[in-house]
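Worksheet for the structure shown next.
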């Protein structure tokens, strides 16, 4: 496969109205060493596949369209794109036009100048909804604890990655990928660059609360045993509180100060301790469940078909 200087990887989901203008803007860029576009249609239910094929046929730069057999999620789609990319560097953009291609070029040039494997785009002003911004902030705070990265370092899905790092991460075959965690396992040569964040061209964000929770779970459980340690600490604290309470009850009993037997207090104590036990079992079960699914080779993604432009 002919190597180009920069690959643009764009995961698509119900993107028929937004992808053509974005691709045309990328085609108009002047990149020393050439560039290509990798479109990964992640089980869209609209006309995204047809629009993608039209873009392949009319391409002015090399374009590859990869169709997943169903929806697997953004991180899975990005990894599929990285496997089909030939660039010395790879930058991934959202399909909604909020990541300007000119800013992607700035990330690439910064990576070249600083000899970095990964450059994350740090938005000056985010154009997401308030709850999405809150979710992103919470995700970054969680990854400060779970991942081996500088505290407070901002991780974003708008990133430029060296071909070396992309190929190493793309070799991961697990069904629950978290790209930033994988990148931080591969390299410490990371940086950040302030970039613009444009308003969404059309439609609504596909990131629901459920998807964000799944992302948080992947960030913590896939790359850290911290939840297990927290569960252990919580169990120890509650056991200590229980022993102190038991001692207080015994002292009151022997000094004939009560307490009076009561169904309410007994049930309250049972609910606290039973709830804690179920929480700890749930955390352990999540680890075991993911191990079970991975051992049974649940696919990270399934490619139905690939279309490539005739442009060299």
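Each reported figure results from applying straightforward, stated rules to the coordinates on display, with no laboratory input. Note that the coordinates shown come from a computational prediction; the quantities given were computed from them, not determined experimentally. Note: ideal-geometry Cβ built from the backbone for every residue, glycine included; neighbour counts use all protein chains shown.
Taking the empirical scaling 2.2 N^0.38 Å for compact globular proteins as reference, segment 1-133 has a Cα radius of gyration ratio of 1.02. One decimal place: the segment residue 228-residue 46 gains 61.4 nm when fully extended, by the rule 0.36 nm per residue minus the C-alpha distance.
Sort segment 1-66 into rounded, prolate or oblate with this rule: let a ≥ b ≥ c be the square roots of the eigenvalues of the Cα gyration tensor; rounded if a/c is under 1.5, and if a/c is not under 1.5, prolate when a/b is larger than b/c, oblate otherwise. In terms of gyration-tensor shape, prolate. With R₀ fixed at 30 Å, the C-beta to C-beta distance from residue 286 to residue 70 puts the FRET efficiency at about 0.80.
Using a simple spin-label model with pseudo-atoms 7 Å out from Cα toward Cβ, residue 3 and residue 303 lie 2.0 nm apart. Spin-label model, residue 102/residue 114: points 7 Å from Cα along the beta carbon direction are separated by 2.2 nm.
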